[in-house]
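Each value in this text was obtained by applying a stated rule to the coordinates, not by laboratory testing. Bear in mind the structure is a predicted one, so any value in this text is a computation, not a measurement. All Cβ positions, glycine included, derive from the backbone under ideal geometry; neighbour counts span all protein chains shown.
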Amino acid sequence: MPSNAFSVHLEQLLLDADELDDAHGELRTGSAGRQYGLASLNRAAVVMSVSAWESYVEELMRESVQALRPPVPALGAWPALNAYAMGLLGNFNTPNAVNVERLIRNCLGLADVQLSWTWQNCTSAQAVARLTEAMTYRHRIAHGVNPRPIIHNNYSSELPYLFRRLARCTDSAVRNHLISFHGLPAPWPP
């Protein structure tokens, strides 16, 4: 079972990108080739997918820091850690590979979460490159680059899967770190 950040935030927010892809399919003309007038749906799916990833990372840090909270009343250094982490989250607005790694390292002490971003036929370096590409598209879209970037439907429809894979790997790495390094019982089931 994944973290609440995965099952509640990421999955729910990625439904918007999935719905945009469904709408794209329903509005297709039936002709082969590029579907004019539908490009904005693909660009919106990129923005929604990156937004879901950002929300997931932020919520995973909140959930993880809460898992580190000792039983009442012996709080020790936890209030300072919590305040520090919440401050970092307040300034977190670009969920690229470097910023995600830095946030997780600074909040939890997990060095280089990017190394866990691997799955069948995808190395860590390839996962980072895919995230970098998605972030580049998102920035170009959100900041009004003209001409608008061309986002093909096959790319935008696959993007939610990329973020689900990244989140599964991140969930696992953070969970294992909380157990092995911080000595917590499982913060969420495997």
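Just a few scattered comments:
- Convex hull of Cα atoms in segment 4-180, direction-averaged projection (nm²): 11.5 nm²
- Value of relative contact order over segment 51-128, rounded to a whole percent, pairs C-alpha under 8 Å and six or more apart: 25 percent
- Modelled this way, with points 7 Å down the Cα-to-C-beta line, the labels at GLN66 and TYR84 are 2.1 nm from one another.
- Label-point separation, GLU19 to TYR161 (7 Å along Cα→Cβ), nm: 2.3 nm
- Tensor-based shape of segment 100-156 (alpha-carbon gyration tensor, a/c under 1.5 rounded, otherwise prolate or oblate): oblate
- 222 nm mean residue ellipticity, helices alone, for the chain (DSSP H n ≥ 4; -39,500 (n - 2.57); rounded to 500): -21500 deg cm²/dmol
- Choice from TYR161, TYR137, TYR56 showing the highest fluctuation, given a GNM over the chain with Cα pairs closer than 10 Å: TYR161
- Relative contact order computed over segment 4-180 (Cα-Cα under 8 Å; 6+ residues apart), in percent: 30 percent
- Two-site FRET efficiency, MET1 against ASP112, from Cβ-Cβ distance with R₀ of 22 Å, rounded to 0.05: 0.30
- Taking a sphere under 9 Å around the Cβ of SER156 and counting the other residues whose Cβ falls inside, with K and R at +1 and D and E at -1, yields a net charge of -1.
- The slack between ARG105 and ASN91, meaning 0.36 nm per residue of separation minus the straight C-alpha distance, is 3.5 nm.
- Helix 78-90 axis, angle to the chain major axis (alpha carbon atoms, nearest 10°): 20 degrees
- Gaussian network model of the chain, springs between alpha carbon atoms under 10 Å - residue of ARG140, ARG164, ARG175 with greatest fluctuation: ARG140
- With a Förster radius of 35 Å applied to the C-beta separation of ASN176 and ASN146, the computed FRET efficiency comes to 0.20.
- Largest mean-square fluctuation among ARG138, ARG168, ARG69, in a Gaussian network model of the chain whose springs join Cα atoms under 10 Å apart, belongs to ARG69.
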